[in-house]
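Asks: Before I ask anything, here is the structure I am working with.
What follows draws every value from the coordinates through simple rules; no lab data is involved. Every value quoted in this text rests on a predicted model; they were computed, and no experiment measured them. Cβ sites come from the backbone with ideal geometry, for glycine too, and all protein chains shown count toward neighbours.
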Amino acid sequence: MPLVIRHARPEDVRTIAEFAMKLVAQHHDYDPARFARIADIEGMTGFYGGRVNAGDAALLVADMDGRLAGFAYVQFEERNYAALLEKAAWLHDLYVAEYARKSGAGKRLIREAATAAKALGAEKLMLSVAAENTFAKDIFERNGFEATMIEMMLNLAD
């Protein structure tokens, strides 16, 4: 199966939203106190639909013979005072469908996300990964990412 990484088109958005909902469920399962189930399919469809042609973002898909196999969402920030960053892009989402895992889709999406980030003006590509997601941490490290921050939470609801 040929694998093509390309920019998302409007007709891809519903499938991207379905993939994103799987990411929401995965994160919520890791830590429901940290990760809220605030999204629904309509909200996700609206959000990603608005990012298809956004000037500060790249929404990429992995296409295997006309079937979407995953996506990556990158957003550029010229300056972020809270994070002490300049000219950085965030890889907010990376998802590969189960049937496409071990096909190279994840690695190619990461590589194309980095290329898209550079094209947006970024000098670095940032991401956050759930503490329990050791599989993803390993993939990101194998693709050149290095830990620079540790997120911590004090649960005030208890």
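Asks: Could you work out how far apart the two model spin labels at residue 123 and residue 11 are, taking each label as a point 7 Å from the Cα in the direction of the beta carbon, and quote it in nm?
Replies: For residue 123 paired with residue 11, the spin-label model returns 4.1 nm.
Asks: How far is the Cα center of the range 8-33 from the Cα center of the range 37-76, in Å?
Replies: Cα centroid of the range 8-33 versus Cα centroid of the range 37-76: 9 Å apart.
Asks: Considering amide H positions built from the backbone, and no H for Pro or chain starts, which residues 5 or more places from residue 145, or on another chain, come under 5 Å of its amide H?
Replies: Residues meeting the criterion, in which the H sits 1.01 Å from N, do not exist here.
Asks: Which shape class, rounded, prolate or oblate, goes with the chain when its Cα gyration tensor gives a ≥ b ≥ c as root eigenvalues, a/c under 1.5 marks rounded, and past that a/b bigger than b/c marks prolate?
Replies: Rounded.
Asks: Also, quick follow-up: Students often check this: by mean Cβ neighbours within 10 Å, which of 98-109, 79-90 ranks highest, and how do the rest follow?
Replies: 98-109, 79-90
Asks: Mean Kyte-Doolittle hydropathy of -0.5 or higher plus an axial Cα length of 18 Å or more: which whole DSSP H helices in the chain meet both?
Replies: Working: long enough: 13-30 (25 Å, -0.03); 105-120 (22 Å, 0.09).
Those that clear 18 Å and a mean of -0.5 are 13-30, 105-120.
Asks: Any idea how far apart residue 81 and residue 155 come out in nm if each label point goes 7 Å out from Cα toward Cβ?
Replies: According to this spin-label approximation, the distance is 3.3 nm.
Asks: Take the residue pairs 87/124; 87/137; 102/124 and return only those whose Cα atoms are more than 18 Å apart.
Replies: 87/137; 102/124
Asks: Then there is this: Starting from the Cα gyration tensor of the range 68-158, take the square roots of the eigenvalues, sort them a ≥ b ≥ c, and report rounded, prolate or oblate (rounded when a/c is under 1.5, otherwise prolate if a/b is larger than b/c, else oblate).
Replies: Working: a/c = 2.00, a/b = 1.14, b/c = 1.76.
Cα axes put the range 68-158 in the oblate bin.
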